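Please read the structure below before turning to the comments.
What follows draws every value from the coordinates through simple rules; no lab data is involved. Source: prediction; values computed, not measured. All Cβ positions, even for glycine, are placed from backbone atoms using ideal geometry, and neighbour counts span all protein chains on display.
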Amino acid sequence: MSEIKFYKHEQIPMEMHKVKIVQQLHLLPADERLAKMKEAGFNTFQLHNGDIFMDMLTDSGVNAMSDNMQAAMMRADDAYAGSETFYRMQEKLEEIFGMKYCLPAHQGRACENILATRFVTPGKCVIMNYHFTTAKAHITRLGGHVEELVKDEGLISKSDLPFKGNIDLKKVEECIKKETPENIAFMRIESGTNLIGGQPISYENMKEVTDLAKKHGIVTVLDASLLQDNLYFIKVREESMKDKSIREITRMIADLFDIIYFSARKFGFARGGAILVRDEEMFHSMEDLVPMFEGFLTYGGMSVKEMEAMTVGFDESMEMDVISQGPQFIDYCVKALDEYGVPVITPGGGLGAHLDAMEICKHIPQEEYPAGALVCALYLCGGIRGMERGTLSEEREPDGSERFASMELVRLAFPRRVFTLSQTEYVIDRVKWLYDHRDLIGGLRFTHEPKTLRFFTGKLEATSDWPERLVKAYKEEFGEEG
Ligand code: F0G
């Protein structure tokens, strides 16, 4: 990683790329944002992208491509079967991860469907450091259950621990004993643990837990969707790994697992996914599921253009100058907010900055969705779109009561190589303003509540005229157009 030093200026993160193609942005006036928010039913998933200034909903499928990725798209080989593009992609993945067999799929959750279909039967258990929504949904759909055994400190929002995604080995041992190894479908380790703030897991912890799994004959699976961030953190935070190259670290991690899968909407900066398998027999036991659910084995539902782009993206993910960008910008944002006193998840992880709505909106009861309200307020106050990761994203208990989330977060994702430092400063500035006016934020209630995945398609309304009062205060500060 190049260490560019400043002379008079404070040290700031530096974009290690230049802009080549742009998408024009528009900041709607505050009154219009209020109208759009109402139309969207106070659900940021329901907003139109054209009405958004800073889209920080996710990093999935919205990372910037490089010139080399786009150039590679031009040589994509379209064929139903035997596409040369697939063989190029497979060869690159084998070079990086050392796994011979590759099952392509259209995105990460499709990989999870295939893995769950192959390994999970009713009553089976899947051990994880932490769940991801779609991974868990496929396991429970098939009658399995998930044991989340992240160390307790992973769930504490303020911390200086470098690897909050680490799994608790003692809890794992107890779980294996309780469930018996035969009843454990597999162990899934998630790099860059998404739902607890993009927090990494150390190489040492991965080694210890996979050794334990091997001792008991349990299949080990790595979700590598956020591996790029995790690789960066291992390199800079894990003392014993600091002299290793990213390629070496990647291979050391891969060697610990039987199976690796990823969403190429994240890892590889394109759109797609794949499962890599070490063992030939295991590969054959899943290969029929690809043509059944995805497409033929040499495209798996992906566009060949995207496959060519991600093949270059995998190589770029092995470069510190590329993978350091996300974590450095996130760290800058998190530190600035933390210093101002805004409750945020610390230390900054990968994926995005996470605001602690439980703290910021203490005055809003959990049944009125504090994180849901905060994320809407942020759109009203700056055209910034984040994602609610709290009670709204949970499903109700079978008796209809709310299942309150253990954390109420607003995620501000940093898609890679997309936003500049001045845009990051704008976001910091608006969050500070909103924090100083947090008393103006009120609660939400459902007007249309779907039974499953309600956070995607549900519609809500404000419990009072707080959005109008918030917008009025905002306009007094920044003017009609701000
Ligand atoms: N695993 C992890 C760790 C993820 O973050 C995601 C997606 C998936 C699996 C599923 O992959 O979307 O390609 O089907 N995370 C997105 C997000 C949706 O916004 O964080 P997918």
**Study point:** Cβ-derived FRET efficiency at R0 45 Å, Asp288 paired with Glu15, nearest 0.05
**Key:** 0.50
Study note, to complete from the structure: From fewest to most C-beta neighbours within 10 Å, the residues Phe86, Phe53 line up as Phe53, Phe86
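With n ≥ 4 as the cut-off for DSSP H runs, can you work out [θ] at 222 nm for the chain, using -39500 (n - 2.57) per run divided by the number of residues, rounded to the nearest 500?
-11500 deg cm²/dmol
Estimate the FRET efficiency between Asp31 and Thr457 by the formula 1/(1 + (r/R0)^6), using the beta-carbon distance for r and 25 Å for R0, to the nearest 0.05. Intermediate results must be reported in sequence, preceding the final value.
Working: r = 26 Å, r/R0 = 1.04.
Efficiency, rounded to the nearest 0.05: 0.45.
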Practice item. Give the residue from Val410, Val427, Gly313 lying farthest towards the positive end of the charge dipole for the chain; charges sit on Cβ (+1 for Lys and Arg, -1 for Asp and Glu) and the dipole is referred to the Cα centre. Key: Gly313
Review point. Using the count of nearby Cβ atoms within 10 Å as a rough guide to exposure, how do Val22, Val277, Val146 rank from fewest to most?
Key: Val22, Val146, Val277
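Once you have a ≥ b ≥ c as the square roots of the Cα gyration tensor eigenvalues for the stretch 67-321, tell me rounded if a/c is under 1.5, and otherwise prolate or oblate according to whether a/b is larger than b/c. Please list the in-between numbers first.
On the way: a/c = 1.91, a/b = 1.25, b/c = 1.53.
Judged from the Cα gyration tensor, the stretch 67-321 comes out oblate (a/c at least 1.5, b/c at or above a/b).
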Exercise for review: Compute the distance in nm between two label points, each set 7 Å from the Cα along the Cα-to-Cβ direction, one at Cys175 and one at Arg247.
Suggested key: 3.5 nm
Exercise for review: Starting with the highest mean, order 455-462, 278-285, 299-306, 325-332 by the number of other Cβ atoms within 10 Å, averaged over the residues of each peptide.
Suggested key: 325-332, 299-306, 455-462, 278-285
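Given the Cα-Cα distance of Leu155 and Glu91 and 0.36 nm per residue of separation, how much length would full extension add, in nm? Present the calculation step by step, with values, prior to reporting the outcome.
On the way: separation 64, 0.36 × 64 = 23.04 nm, distance 3.86 nm.
Taking Leu155 through Glu91 to full extension adds about 19.2 nm, to one decimal.
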Exercise for review: Using only the alpha carbons of the chain, determine the length spanned along each of the three principal axes and report them from longest to shortest in whole angstroms.
Suggested key: 66, 56, 46
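Give, rounded to the nearest 20 debye, the magnitude of the charge dipole that the stretch 67-321 has about its Cα centre when Lys and Arg contribute +1 at Cβ and Asp and Glu contribute -1 at Cβ.
Details: 31 positive and 42 negative charges, 127 e Å.
So the magnitude is around 620 debye.
For each of Trp433, Trp466, count neighbouring Cβ atoms within 10 Å of the residue's Cβ, then give the residues from fewest to most. Walk me through the numbers before you get to the answer.
Working: Trp433 16, Trp466 20.
Listed from fewest to most nearby Cβ atoms, that is Trp433, Trp466.
What percent does the relative contact order of the stretch 196-346 come to when contacts are Cα pairs within less than 8 Å and at least six residues apart? Can you show the working numbers first?
Numbers: 162 pairs, mean separation 32.5, N = 151.
Relative contact order for the stretch 196-346 comes out at 21 percent.
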Study note, to complete from the structure: For the chain, percent of DSSP beta bridges that are antiparallel (nearest 5) comes out at 60 percent
Point to revise | Förster radius 22 Å - calculated FRET efficiency between Asp279 and Asn183 (Cβ-Cβ, nearest 0.05) | key: 0.55
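To two decimal places, what compactness ratio does the stretch 36-164 give when its Cα radius of gyration is scaled by 2.2 N^0.38 Å? Intermediate results must be reported in sequence, preceding the final value.
Numbers: Rg = 20.0 Å, N = 129, 2.2 N^0.38 = 13.9 Å.
The stretch 36-164 yields a ratio of 1.43.
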Exercise for review: Mind putting a number on the dipole of the chain about its Cα centre? Charges go on the C-beta only, +1 for Lys and Arg and -1 for Asp and Glu, and I need it in Debye to the nearest 20.
Suggested key: 140 debye
Check your understanding: Measuring from label point to label point, each 7 Å out along Cα→Cβ, what is the Arg469 to Glu397 span in nm?
Key -> 3.2 nm
Study note, to complete from the structure: For the chain, averaging the sequence separation of alpha carbon pairs under 8 Å that lie six or more residues apart and dividing by its residue count, the contact order in percent is 23 percent
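Once fully extended, how much extra length lies between Gln23 and Asp436, figured as 0.36 nm per residue of separation less the alpha-carbon to alpha-carbon distance? Display every interim value, and only then the final one.
Numbers: separation 413, 0.36 × 413 = 148.68 nm, distance 3.18 nm.
Taking 0.36 nm per residue and subtracting the Cα distance, the gain is 145.5 nm.
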